[in-house]
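Right, one structure below, let's go through it.
Derivation of every value follows stated rules applied to the coordinates shown; laboratory data play no part. Worth saying up front: this structure is predicted, and the values here are computed from it rather than measured. Note that each Cβ is placed from the backbone with ideal geometry, even for glycine, and that neighbours are counted across all protein chains shown.
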Amino acid sequence: MVDRGGIIGLVLYPLLLTDRNTARMSDIMAHIDHFIALGAGGNLGLGGDLDGFGTMPVGLTCVSSYKVLAEEITGEFGEDMSFRIMSGNFHDFFIRYFEG
């Protein structure tokens, strides 16, 4: 994905974030950190599939909780990376591949 300029949608499904039934913000941050360590910081964005599972990570209830998530990401990885994950990487991807 990195080499080809693809986009990776960060999934917030608890069982994909941890082996427990309950995921926490720290699990999301560890998941993001893992992608960044693989060199995918410029390819990572929010998957947004919040309606396909019955439980959310602690602290997130619906898409309106993205503000809380953005604050957590900013605190952990800085404003630039938070912007990139929250919208910038998807924006750049769509401009690169779909702008006529």
- Message: Looking only at the stretch 78-100, count every residue that is crowded, with 16+ Cβ neighbours inside 10 Å and either within 17 Å of Met29 (Cβ to Cβ) or of a type outside the set (Asp, Glu) (or both) and tell me the total.
- Response: 8
- Query: Quick check, is Thr61 loosely packed, with under 13 Cβ neighbours inside 10 Å and farther than 25 Å from Arg96 by Cα?
  - Reply: yes
- Task: Identify, by number, the condition in (1) under 30 Å from Arg96 (Cβ atoms); (2) in contact (Cβ under 8 Å) with a residue 24 or more places away in the chain; (3) over 15 Å from the mean Cα position of the chain (by Cα) that Asp3 doesn't meet.
- Result: (2)
